[in-house]
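K.L.:
Before anything else, here's the structure in question.
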Amino acid sequence: MEIIGSLLVAAVPVVGIIGLLWLSERLRARREVGRRLQISVTDAVHGTLGAVAAPVVTRRPGGGWRIQMRVPPGRSDLAAELVRVTEGVMERAAPAQGRPYEIVLLAAEGIGAADRGSRLLGHHPKTAAALTVGAR
């Protein structure tokens, strides 16, 4: 009985370290999925419209993705094209699962530290499948 107790006490740190390594790998994989998605959206926008916006892809607090882009005020034609291109990428990224995403367009004026003076131009929530490359 003493041997079993000693083995259990010795195994607890090993199991803890293995668990932390597993968690670290899962978090790294989730970040990598976000990076790949941001690169995909950026390539699509720049390939279709030129370097008119720099998409920033982050995870939403409730799950899914948030894609933020700055658009010059008064350019509703550009905003509509950005939304169309971004929706295309998001629908191709993961057509199977139906995870939410939102496209947020901000005014290009007021760019600076803490984004003072930025206005919300458009907030376009949509549902699409989650990108599952590298994360499980």
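K.L.:
Would you mind computing, in nm to one decimal, how far apart the modelled labels at ARG28 and GLU91 are, each placed 7 Å from Cα along Cα→Cβ?
P.N.:
Output for this residue pair reads 3.6 nm.
K.L.:
List the residues whose amide H sits under 5 Å from the amide H of ARG70, counting only those 5 or more places along or on another chain, with H placed 1.01 Å from N in the peptide plane.
P.N.:
ALA54, LEU106
K.L.:
In units of 2.2 N^0.38 Å, what is the alpha-carbon radius of gyration of the stretch 1-87?
P.N.:
Compared with the compact-globule rule of thumb, the stretch 1-87 sits at 1.89.
K.L.:
I need the calculated FRET efficiency for the pair ARG36 and LEU7, taking r as the beta carbon distance and R₀ as 41 Å, to the nearest 0.05. Intermediate results must be reported in sequence, preceding the final value.
P.N.:
Numbers: r = 43 Å, r/R0 = 1.04.
That gives a FRET efficiency of 0.45.
Coordinate-derived values only; no laboratory data. For clarity, every value in this text was computed on a predicted model and none was experimentally measured. Reconstructed Cβ throughout: ideal geometry from the backbone, glycine too, with neighbour counts over all protein chains shown.
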